[in-house]
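The values are calculated or read from the model by the stated rules, or taken from the named source; none is laboratory data. Values in this document were obtained by computation on a predicted structure and should not be read as measured data. Reconstructed Cβ throughout: ideal geometry from the backbone, glycine too, with neighbour counts over all protein chains shown.
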Amino acid sequence: MDLDHDACYRAIVTRDARFDGRLYIGVRTTGIYCRPICPARTPKRENVSFYPTAAAAQEAGFRPCLRCRPENSPDLAVWNGTSNTVKRALALIGEGALDGATVDHLAEQLGVGERHLRRLFQQHLGASPIAIAQTRRILFAKQLIMETRMPMTEIAHAAGFGSIRRFNAAFQTLYKRPPGALRRTRQQAHNDTSTASGIVLPMSYAAPYDWAGMISFLKTRAIPGVEWVDRQNRYHRSIALDGCQGIVRVAFDGNKKCLRATIRFPRISSLTFIISRLRQVFDLTADPMAIDAHLANDPRLAPLIAARPGLRVPGAWDGFELGIRAILGQQISVTAATTLAGKLASRYGEPLETSLKTEGLSYIFPSPERLAAADLRALGMPGTRARALSAFSKAMLEHPDLFSANQASNVIAGRLKALPGIGDWTSQYILMRAFCEPDAFPTADIGLARAMATKNGQRPTPATLLQRAESWRPWRAYAVLHLWASESTEDNNLRHLTKRT
């Protein structure tokens, strides 16, 4: 990945926040790597090297700066749209695929050769898969050290280190000091934001971020008893992983350019996975500058982007849950689909543990096992839809990897469309939100046709819309959200029957 030296140096001289997360600076005289916004004195031009990722800088022998804290840098997918394999690999790494396995095993999951996978990582990220995994692990551990009062043994476990000895050795090698010294140097005890109600961690994003658009989308579609948005526009939901229950809350902090996640979960080793999923739900790896600049070339989209800069594509906590919701919402209003989803959760979901119940949270979303065995016609829906839900649940039981990131988008779409009751619209909607596919495009969506209608009210055909959207690639999903936002209001949700859920 080539980085223009002069352009990058200008970015660090001006401490341009727009480049935060897009490049890292290795200072050869100190052996430290920094973010473009680092408050330290700007090094001389001849003493710096530039890297596309923190992992690339660390693999080159630099250690993270203690002042600008690279662990808090936005984790931007600046390569997105150029390598689907890299995207899928990073998703698996984020969920711990290399915490006890080899690169060979990861490559096998992705259906590519190990050497080819290494070449792709070097080309797009400037580092090997192992370096990416190790850097994420140690930077996450450092964030826990700086942001919480968790014991070091728990931090080591949460970050994926096999033992406290390896944890201590990694920090001694990289920072030339034990992990406890980092906590003392920052007077962490005075800065801790975690409380008895959970661990609180910041999740950075690249500005701008349209929180109003994101929280409105999630609030309108929140499944009663499973999700809710409070009066302070904070998002809450119940979660379940491997037999354990928990709850999460996400709030917006525009001053710090981050979202703050409060997590209550009994198994500390799941913390990395939970943060990874939350980053997916809130689309925190999006590069809004690149996306908005590209889509603004279309005169229809330009004013929409100017009105809603930083609009994101809401993801999903769980693919199965999103798939059920998408099927429920076919041919009915958003409000009706939400009501049905709430009935489904209350009747077939597992009750949330008493100690975790809060206002708005009472259930864990039903498992595939529960729904596959249930007579869903009792919910008062058409028989064809009930059969589609049952078939989808049974398919999930037969193929537990149905929503795994190790599959290409076209393969996932094909497997979904092979199921009864799932057509192109539903499969594309699932790709958009459950797999965070930036180029997903539900061509036959009624809302899109309405938003793209001519001044005399003539709506484009799906074929015409598909042709128009070619110029929006590889960000068609973001164009969809802008078009939905342009014509979707609470009144529209009540008045119009749409396919959007």
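For the range 452-489, a tally of residues being within 21 Å of the chain's Cα centre (by Cα) and not in a helix (DSSP H, G or I) returns 3. Residues that are in contact with a Lys or Arg (Cβ under 8 Å, 6 or more places away or on another chain), of a type in the set (Phe, Trp, Tyr) and at pLDDT 95 or above occur at least once in the range 306-326.
Go through Arg118, Arg137, Arg177, Arg166 for me and flag whichever is within 18 Å of Arg267 (Cα to Cα), of a type outside the set (Phe, Trp, Tyr) and in contact with a helix residue (DSSP H, G or I) (Cβ under 9 Å, 6 or more places away or on another chain).
Working: Arg118 fails: within 18 Å of Arg267 (Cα to Cα); Arg177 fails: within 18 Å of Arg267 (Cα to Cα); Arg166 fails: within 18 Å of Arg267 (Cα to Cα).
Going through Arg118, Arg137, Arg177, Arg166 in turn, the sole match is Arg137.
Based on what the data block shows, is Ser216 surrounded by 19 or more Cβ atoms within 10 Å (Cβ to Cβ), of a type in the set (S, T, N, Q), without any contact (Cβ under 8 Å) to a residue 40 or more places away in the chain and not in a strand (DSSP E or B)?
Values: surrounded by 19 or more Cβ atoms within 10 Å (Cβ to Cβ): no; of a type in the set (S, T, N, Q): yes; without any contact (Cβ under 8 Å) to a residue 40 or more places away in the chain: yes; not in a strand (DSSP E or B): yes.
For Ser216, the condition - surrounded by 19 or more Cβ atoms within 10 Å (Cβ to Cβ), of a type in the set (S, T, N, Q), without any contact (Cβ under 8 Å) to a residue 40 or more places away in the chain and not in a strand (DSSP E or B) - is not met.
Among the conditions (1) charged (D, E, K, R); (2) touching a helix residue (DSSP H, G or I) at 6+ places or on another chain (Cβ under 9 Å); (3) modelled with pLDDT of 95 or more, Asp242 misses just one, which is (3).
The residue list Leu182, Leu98, Leu144, Leu92 contains one member that is out of contact with any Phe, Trp or Tyr (no Cβ under 8 Å at 6 or more places or on another chain), modelled with pLDDT under 90 and under 26 Å from Leu259 (Cα atoms), which is Leu92. Which count do you get for residues in the range 411-439 that are without any contact (Cβ under 8 Å) to a residue 12 or more places away in the chain, small (Gly, Ala, Ser) and either more than 17 Å from Phe320 (Cα to Cα) or in a helix (DSSP H, G or I) (or both)? Selection size over the range 411-439: 1. The listed residues are Glu114, Glu95, Glu46, and the only one of them that is closer than 19 Å to Ala286 by Cα and surrounded by fewer than 17 Cβ atoms within 10 Å (Cβ to Cβ) turns out to be Glu95.
Out of the residues in the range 163-179 meeting the condition of being in contact (Cβ under 8 Å) with a residue 40 or more places away in the chain and not aromatic (Phe, Trp, Tyr), tell me which one is farthest from Gly94 (Cα to Cα).
Applying the first criterion (in contact (Cβ under 8 Å) with a residue 40 or more places away in the chain) to the range 163-179 yields 174-176.
Next, only the ones that are not aromatic (Phe, Trp, Tyr) stay: 174, 176.
Working: Leu174: 21, Lys176: 26 Å.
This residue is Lys176.
If I filter the range 239-296 down to residues being aromatic (Phe, Trp, Tyr) and under 21 Å from Arg136 (Cβ atoms), which single residue comes out as nearest to the chain's Cα centre (by Cα)? Across the range 239-296, the extreme among qualifying residues is Phe282.
Restricting Ile305, Ile324 to residues that are touching a residue at least 40 places away in the same chain (Cβ under 8 Å), buried (at least 17 other Cβ atoms within 10 Å of the Cβ) and touching an Asp or Glu at 6+ places or on another chain (Cβ under 7 Å) narrows the list to Ile305. Contact annotation: residue pairs with Cβ atoms under 9 Å, 6 or more positions apart or on different chains, pairing a residue in the range 440-455 that is over 17 Å from Ile332 (Cα atoms) with a partner that is of a type in the set (Lys, Arg) and surrounded by 16 or more Cβ atoms within 10 Å (Cβ to Cβ), are Ala440/Arg433; Ala440/Arg476; Phe441/Arg476.
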